[in-house]
Amino acid sequence: MKLSPLQEARYEYKPKLPGMLRNGISEICVKTGEKTKSVADQEKIAALFPNTYGKCEITFEKGKNTSDNKKQVVGVILSGGQAPGGHNVICGLYDALKATNKDNVLLGFKGGPSGLIEDDYIEMTDQYIDSYRNTGGFDIIGSGRTKLETEEQFEIVTEVAKKHGLTAIVIIGGDDSNTNAAVLAEYMAAHNTGVQVIGCPKTIDGDLKNEDIEASFGFDTATKTYSEVIGNIERDANSAKKYWHFIKVMGRSASHVALECALETQPNICLIGEEVAAKKMSLEDIANQIADSVEARANNGDNFGVAIIPEGIIEFVPEFSKLIAEINELLAGESAEEFNNLVDWASKEHFIERGLSDKSMKVFALLPEFVQKQLFLERDPHGNVQVSLIESEKLISSLVADTLDVRKAKGKYKGKFSPLHHFFGYEGRCAFPSNFDADYCYSLGYNAFMLIQYGYTGYLSKVSNLAKPAEEWIAGGMPITKMMNIERRNGEDKPVIRKALVDLDGAPFRYFAQKRDTWAVETAYTYPGAIQYYGPSSVCDITTRTLALEHK
Ligand code: FBP
């Protein structure tokens, strides 16, 4: 395979470990902290996790390594969507494992959790690992979205673990995958299998964070990648002065990615789903808010602008989520077939009109026809509308256009509105990890092995103090059960890691809220440029604005 010059250069990059892990394996000891309890529903979580609940937080520090030097055979999986840095988690894990004992073995199970069930694996070697150091992607072993959650799956995993003599499994995933890691750890402990389970916090969405986990890996690189391109678009907009750009960014439901990109690029508009829900904003309110900015800028002669739209926005609009719920009901069971058999859109519209409440019908009628059709075309395997496939950036720009037409007719608005649309998501998930993500991920993997070596199970690899230089990072582990509460999922009460939405009282949102009225009217764009891998630390090692504001 021909390598790009950057790829070759990145192979040589030496990720920075937290100071306390830098003295070699023989100089890492454990400092035991406080006993933990779950963030809520303590009694219920304790009852569900009798073997793994209530354990102590731990940190590593410099001192004599007292761990048992037994041979370790570790299995690792990547779970869910790609996030820059995943390869380095595996590299860090491998390096710590081999530095501890060269006979230790690392097996990478392929294609996500299903690799563990199907016993599809590859044994990691120096040569194989070296060809993935500091690179983006999850192609080292692949990923998948199969959930590891049933008793039957756990029995199969136990058999696979027995066959290979696995002493531990590392699950690199988001909130759901780490919830499952905790359940698997409990199962393994309850059945005396001797298999430890350790999680690592991954997702570009940034919604796996809490008082213990400061950031999920991949968020830094993905948001920098999107911000680079948003900045470029801003500069183009400011040069040509003729388009309004509506840019949807990934992040499934939480708006952390949109908010971080806004802090980096200072666009005219950035919608935050959590605020839309808190203020119970309607589609009309959103259209008016953006139209106000378009109008004010047009009055200054600026018929251009940039609006960032988070991927999950429409689910946060109360009237829209009600409409979706009604559509899901309407098409439940045999009605879907009846609907699909209708030959033309007019008869489908009639069917829809009969099935929706007056309120939802009003919202439906507001939507452009392409969105109305998208709502009925795409269903997920459970029969639900796939909101992520709705082109919300186009929906919102068309509602703004309608609003501006009305204002024009009243003589209030005299500008020109030419919208363009973009969606940034997959572009950022496999970028070469920034130095921050390369360092953070390598440290998470290295640290995960130290947790295994010291016999911990049901823990999340934790590296904190991330707003400071890597030398000052703190490495350790936190019982996953500490992050759990009980939530209603698919009609059942389930123990889950609480998803972190944007905190409207948090520093990143408050900073944005202070500035946005100015940004809406003025051209205050900032151009972050491409991620830099080589050069001064003040340019190459800086992390996100979100992290910096949260940990000032
Ligand atoms: P994870 O939560 O698994 O990390 O995935 C996040 C994400 O990238 C979302 O931002 C996006 O909505 C989704 O995955 C897309 O999923 P897919 O890769 O299956 O299309």
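Take segment 65-112 and flag every residue that is within 17 Å of T457 (Cα to Cα), away from the ligand (no atom under 16 Å from the Cβ) and of a type in the set (V, I, T).
Listed by number, the residues that qualify are V73, V74, V76.
Would you please name the residue that is surrounded by the fewest Cβ atoms within 10 Å (Cβ to Cβ), looking only at residues in segment 89-127 that are among the polar types (S, T, N, Q) and not in a loop (DSSP other than H, G, I, E, B)?
Q127
Kindly indicate which of I58, I77 is closer than 16 Å to Y121 by Cα and either under 28 Å from the mean Cα position of the chain (by Cα) or of a type in the set (S, T, Y) (or both).
Residue meeting the stated conditions: I77.
Of all residues in segment 235-268, how many are under 21 Å from I286 (Cβ atoms) and either touching a Phe, Trp or Tyr at 6+ places or on another chain (Cβ under 9 Å) or assigned to a helix (DSSP H, G or I) (or both)?
Within segment 235-268, residues that are under 21 Å from I286 (Cβ atoms) and either touching a Phe, Trp or Tyr at 6+ places or on another chain (Cβ under 9 Å) or assigned to a helix (DSSP H, G or I) (or both) number 22.
Provide a single number: the residues in segment 204-214 that are in contact with a helix residue (DSSP H, G or I) (Cβ under 7 Å, 6 or more places away or on another chain) and within 13 Å of the ligand (Cβ to nearest atom).
Residues flagged as in contact with a helix residue (DSSP H, G or I) (Cβ under 7 Å, 6 or more places away or on another chain) and within 13 Å of the ligand (Cβ to nearest atom) within segment 204-214 amount to 5.
Keeping to segment 291-327, report how many residues are in a helix (DSSP H, G or I), among the polar types (S, T, N, Q) and touching a Lys or Arg at 6+ places or on another chain (Cβ under 9 Å).
Kept after step one, since they are in a helix (DSSP H, G or I), are these residues of segment 291-327: 291-299, 313-316, 318-327.
Those still in the list that are among the polar types (S, T, N, Q) too: 293, 299, 321.
Next, only the ones that are touching a Lys or Arg at 6+ places or on another chain (Cβ under 9 Å) stay: 299.
So the answer is 1.
Where in segment 450-552 are the helices (runs of 4 or more DSSP H), entirely inside, with at least 2 residues that are under 30 Å from I28 (Cα atoms) and more than 22 Å from the chain's Cα centre (by Cα)?
537-540
So, in segment 425-441, how many residues would count as being of a type in the set (D, E) and surrounded by fewer than 24 Cβ atoms within 10 Å (Cβ to Cβ)?
Of the residues in that region, 1 qualify.
Do we find that K147 is within 14 Å of the ligand (Cβ to nearest atom), basic (K, R), under 30 Å from E260 (Cβ atoms) and buried (at least 23 other Cβ atoms within 10 Å of the Cβ) in this structure?
no
Could you tell me whether E315 is at pLDDT below 95, loosely packed, with under 14 Cβ neighbours inside 10 Å and not polar (S, T, N, Q)?
In short, no.
Give all pairs with beta carbons closer than 7 Å in which a residue from segment 70-82 that is farther than 17 Å from D95 by Cβ and among the β-branched types (V, I, T) meets a residue that is more than 7 Å from the ligand (Cβ to nearest atom) and outside any strand (DSSP E or B); count only pairs at least 6 apart in sequence or on separate chains.
Close Cβ pairs (under 7 Å, with a partner that is more than 7 Å from the ligand (Cβ to nearest atom) and outside any strand (DSSP E or B)) amount to I77/G112; I77/P113; I77/G115; I77/L116.
All but one of (1) surrounded by 21 or more Cβ atoms within 10 Å (Cβ to Cβ); (2) under 22 Å from F436 (Cα atoms) hold for V76; which doesn't?
Going through the list (1) surrounded by 21 or more Cβ atoms within 10 Å (Cβ to Cβ); (2) under 22 Å from F436 (Cα atoms), V76 breaks only (2).
Which residue, of K2, K16, K44, is modelled with pLDDT of 95 or more and part of a loop (DSSP other than H, G, I, E, B)? Before the answer, list the steps.
Numbers: K2 fails: modelled with pLDDT of 95 or more; K44 fails: part of a loop (DSSP other than H, G, I, E, B).
Just one listed residue meets the conditions, K16.
State whether one or more residues within segment 294-304 are under 20 Å from Y226 (Cβ atoms), of a type in the set (D, E, K, R), at pLDDT 95 or above and away from the ligand (no atom under 16 Å from the Cβ).
The answer is no, given that none of the residues of segment 294-304 is under 20 Å from Y226 (Cβ atoms), of a type in the set (D, E, K, R), at pLDDT 95 or above and away from the ligand (no atom under 16 Å from the Cβ).
Quick check on segment 442-456: of everything there that is under 30 Å from P536 (Cβ atoms) and of a type in the set (S, T, N, Q), which residue is surrounded by the most Cβ atoms within 10 Å (Cβ to Cβ)?
Result: N447.
Can you run down the residue pairs with Cβ atoms below 7 Å, 6 or more apart or on separate chains, where the first is in segment 326-342 and under 19 Å from F364 (Cα atoms) and the partner is surrounded by 16 or more Cβ atoms within 10 Å (Cβ to Cβ) and of a type in the set (S, T, N, Q)?
E326/S360
So is P479 crowded, with 16+ Cβ neighbours inside 10 Å, under 23 Å from S255 (Cα atoms) and at pLDDT 95 or above or not?
no
The values are calculated or read from the model by the stated rules, or taken from the named source; none is laboratory data. Just so it is clear, the structure is predicted and the values come from calculations on it, not from any experiment. Virtual Cβ from ideal backbone geometry, glycine too; neighbours counted across all protein chains shown.
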